[in-house]
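The values are calculated or read from the model by the stated rules, or taken from the named source; none is laboratory data. Computed from a predicted model, the values in this text were never measured in an experiment. Cβ placement follows ideal geometry from the backbone for every residue including glycine, while neighbour counts extend to all protein chains displayed.
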Amino acid sequence: MISDALEGKINLIITKSISRFARNTLDTISNVRKLKDNGIEVFFEKENLWTIDSKSELILTIMASIAQEESRSISQNVQWGKRVAFQAGKVSFAYSNFLGFKKVDNKIVIVPEESEVIKLIYKMFLVDGKTPGAISKYLKEQGIKTPSGKNNNWTKNNISSILTNEKYKGDALLQKTFTENYLEQTVVKNTGQIPQYYVGNSHPAIIERDMWELVQTEINRRTQLGAKYSANDIFSSKIVCADCGGFYRNKKWHSGSIYERFVYQCNDKFHKGKEKCQTPHLYEDEIKQKFIEAYNFTMKDKNRILKNLKEVVRLLSDTTQLEAKIEKINAELSIVVELASKAIKESSKVSNDSEDREKNIKT
């Protein structure tokens, strides 16, 4: 509007109030002066103020400052109201750009067709071993809409956000972002500047809690691999070099010739400045054969392995000794508390006796 006015398309601007014209005093005065220099008048209805009047700038400055302070006060009150609601466990999020949920009669409900997309994403990542990039590509090909309602606009970030969002397991982490500057309405990520609130079981879950936790574990596993995870190669980041601890990778030998073939080899085998690994290269058929042999060997001893695993689980989940230690510590704490109480009473009695003796000596 300001640009149109300066280009001569507008010669009068009527505004409801000063607070609706600009966010702060500086912008208000700057724009009004710019318009005034070009012969364009601004009328503020609430304040009944015409900017062409020579006396208006002082009044405008004062009124704009008041409007700015009012804006700050309103912003603080709104933020305070939100935090009180968060403390009370009241959950609210941007439903219009959130796939899988909507609000009906002030309650969070699941959107069935959208929830199926969420379940598909989790299945493809955890069960099929797909990467966020591969999942986004598949969803684009299927013409499935993004959380914002757009087709063919899926990205790795979209998928990663869905896979790590606690709201899909029925919980809510509140105040992930906040408005840093009330004038510019700058929204920034909350990394500890203000409190966050976690509400468990705040709404219906689309993904089972156990599955959601497994997805987080798998994300961490892929991150900590030390090698790029690939969903196209079943052996990628799974075979480890016995010499240096590096990962084996699929490599092409004799490219373009009749001897062309793929082998698996340690990534660090020929790195400069490193001692050459002594581990051999492997062919895919060899790896598959070794896997089958290991699997068959494991199945022959399946009962013993299961028995050992059950024993490990029993030992890890047995809290008898821990409970005994806690009981002992609690008993010791009770004794300490009792002794402390007696000491305080004795100290008080001695103090009173001393005061009485001092009074007697004086008299």
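Being in contact with a Lys or Arg (Cβ under 8 Å, 6 or more places away or on another chain), surrounded by 18 or more Cβ atoms within 10 Å (Cβ to Cβ), at pLDDT 90 or above and of a type in the set (Ser, Thr, Tyr) is the requirement here; does residue 136 meet it? It is true that residue 136 is in contact with a Lys or Arg (Cβ under 8 Å, 6 or more places away or on another chain), surrounded by 18 or more Cβ atoms within 10 Å (Cβ to Cβ), at pLDDT 90 or above and of a type in the set (Ser, Thr, Tyr).
Note on the stretch 193-218: among residues that are closer than 16 Å to residue 164 by Cβ and at pLDDT below 90, the one that is surrounded by the most Cβ atoms within 10 Å (Cβ to Cβ) is 196. Residues that are surrounded by 14 or more Cβ atoms within 10 Å (Cβ to Cβ) and in a loop (DSSP other than H, G, I, E, B) were ranked within the stretch 177-192; the one that is modelled with the highest pLDDT is 190. Checked against (1) under 26 Å from residue 218 (Cβ atoms); (2) loosely packed, with under 10 Cβ neighbours inside 10 Å, residue 314 passes all but condition (1). Residue 77 passes every criterion in (1) at pLDDT 85 or above; (2) outside any loop (DSSP other than H, G, I, E, B) apart from (1). Residue 91 fulfils the conditions (1) surrounded by 16 or more Cβ atoms within 10 Å (Cβ to Cβ); (2) in a loop (DSSP other than H, G, I, E, B); (3) at pLDDT 75 or above except for a single criterion, (3).
When the stretch 27-60 is filtered for residues that are surrounded by fewer than 16 Cβ atoms within 10 Å (Cβ to Cβ) and of a type in the set (S, T, N, Q), the ones remaining, listed by number, are 30, 38, 48, 54. Residues in the stretch 251-273 that are aromatic (Phe, Trp, Tyr) and in a loop (DSSP other than H, G, I, E, B): 259, 270. Entry remark, the stretch 25-51: residues being farther than 15 Å from residue 2 by Cβ and in a helix (DSSP H, G or I) number 1 in total. Taken together, the residues in the stretch 1-24 that are in a loop (DSSP other than H, G, I, E, B), touching a helix residue (DSSP H, G or I) at 6+ places or on another chain (Cβ under 8 Å), of a type outside the set (Ser, Thr, Tyr) and within 16 Å of residue 66 (Cα to Cα) amount to 4.
Of all the criteria given as (1) surrounded by 14 or more Cβ atoms within 10 Å (Cβ to Cβ); (2) over 17 Å from the mean Cα position of the chain (by Cα); (3) modelled with pLDDT under 90, the one not satisfied by residue 173 is (2). Could you tell me which of the residues 285, 301 is closer than 30 Å to residue 248 by Cβ, loosely packed, with under 10 Cβ neighbours inside 10 Å, acidic (Asp, Glu) and more than 39 Å from the chain's Cα centre (by Cα)? Testing whether each residue is closer than 30 Å to residue 248 by Cβ, loosely packed, with under 10 Cβ neighbours inside 10 Å, acidic (Asp, Glu) and more than 39 Å from the chain's Cα centre (by Cα) leaves just 285.
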